[in-house]
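Below is one structure, written out as C-alpha cells; the observations come after it.
The values are calculated or read from the model by the stated rules, or taken from the named source; none is laboratory data. Please read these numbers as outputs of a predicted model, since none were measured by experiment. Note that each Cβ is placed from the backbone with ideal geometry, even for glycine, and that neighbours are counted across all protein chains shown.
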Amino acid sequence: VTSSPWRLGDLVSLVAALAAGLAAIVAGWIGVSGEPTTSQQTAWLNVGIGGLVVAGIGVAVWLMTGRRAVGERRRHLLPDVAATLAASAPATVDDDAAEALVVLPGMTRYHRPTCELMAGKKAMPLGRRRSRRALAPCGVCEPDPIEVGA
Amino acid sequence: MAFLNYVRNQWDRVGAWACIALGALALLLGWLGVSSHAYPAEQNSYIASGGLLGLFLLGLGGLLWISADLRDEWRKLDAIEQVLADREASTER
C-alpha cells in the first residue's frame, strides 16, 4: 500500500516546472526593472508570463495525475454500491407499502400516486407489476424506501 | 504544543494558507506600487514582481490545498483496502 497518489517522477516534474516558472518570473522581474522603456520591458514581461504558464502547466499535470490515481483506486476498491445492493436484495415486495405506490411499465423508479411525474399516465400499483427488476424510489416525490428486489 | 502538532500533521494545509496569504500580500503591494507611479515604464516592474509572483503563490497555495485533500482521500482508501484485506484473510481461515 503506497501512501500517496503520486510517484517520485510526478514530484520531480512538479518541482522542475515550479522551479523553471519561478526562475522565469524572477528573471522577468529583474529584466523589466533594468529596462527604461515599455517597449524594451515587454520582452521581459513575456518571460515572466511564460514562467507563470509553465508553473501552471506543472500544477495542472500534478493535480490531474493525483485525481486520476485516486479515481482509479476508488473504482477498483469500491464497485457500484447501488448495483451491488440491488443485486443482493431479496426478491420481495412489502405488500402494504407497495399498495400505496405506483410504477410505470418498463420504468426503473416507483412513485407516490400523487407524484407530479405520474400525472396523466397509466401507472399501476407496485404490487401488481410482473417484472422482477430492482426499482429505486423517485427523486421528485421521494417515497419511503422499501424492498423492491431483483 | 497542540498548535505544533497541528502544523506537523497538516503541514500542507498550513503551507497552503501561508502561500495564499503571501500571494495576496504580493498582489496588494504590486497594486500599491502601480497606483503610486504615473508612467507605465515605472509600473511594469510592479506588475512583473508583485503581480506575477502573487499569482504564482496563489496557485501554489491552491496546489497544496487540493493535494492535501487528495492525500486524505488516498489514506481513507488505504484504510478501506486494509479492512477488505483483513476480512478476506479471516474468511480464508
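Before moving on, here are some points about what is shown:
- Test set (1) at pLDDT 95 or above; (2) under 27 Å from the mean Cα position of the chain (by Cα) - A:P79 fails condition number: (1)
- Some residue of the range A:42-61 being in a helix (DSSP H, G or I), facing chain B (nearest Cβ under 7 Å) and in contact (Cβ under 8 Å) with a residue 40 or more places away in the chain: yes
- Considering the conditions (1) under 26 Å from B:A38 (Cβ atoms); (2) without any contact (Cβ under 8 Å) to a residue 24 or more places away in the chain, A:I25 is excluded by exactly one of them, (2).
- Among the residues making up the range B:1-15, those that are farther than 14 Å from B:S67 by Cα and of a type in the set (A, V, I, L, M) are B:M1, B:A2, B:L4, B:V7.
- Of all residues in the range A:40-64 being surrounded by fewer than 21 Cβ atoms within 10 Å (Cβ to Cβ) and more than 17 Å from B:L55 (Cβ to Cβ), the one that is nearest to the chain's Cα centre (by Cα): A:M64
- When restricted to residues that are of a type outside the set (D, E) and in contact with a Leu (Cβ under 7 Å, 6 or more places away or on another chain), the range B:68-83 contains 2.
- Taking the conditions (1) loosely packed, with under 12 Cβ neighbours inside 10 Å; (2) in contact with a Phe, Trp or Tyr (Cβ under 6 Å, 6 or more places away or on another chain) in turn, A:P79 satisfies each one other than (2).
- Residue that is surrounded by the most Cβ atoms within 10 Å (Cβ to Cβ) [pool: residues in the range B:1-25 that are over 18 Å from A:L18 (Cα atoms) and among the aliphatic types (A, V, I, L, M)]: B:V14
- Within the range B:68-93, the set of residues being more than 7 Å from chain A (Cβ to nearest Cβ) and either within 18 Å of the chain's Cα centre (by Cα) or among the small types (G, A, S) (or both) comprises B:A68, B:D69, B:D72, B:A79, B:A85, B:A89, B:S90.
- Looking across the range A:1-34, the residues that are surrounded by fewer than 18 Cβ atoms within 10 Å (Cβ to Cβ) and part of a loop (DSSP other than H, G, I, E, B) come down to A:V1, A:T2, A:S3, A:S4, A:R7.
- All helices (runs of 4 or more DSSP H) inside the range B:1-67 with 3 or more residues being within 13 Å of chain A (Cβ to nearest Cβ): B:11-35, B:40-46
- The single residue among B:R75, B:R87, B:R8, B:R71 that is within 17 Å of A:L63 (Cβ to Cβ) and among the basic types (K, R) turns out to be B:R71.
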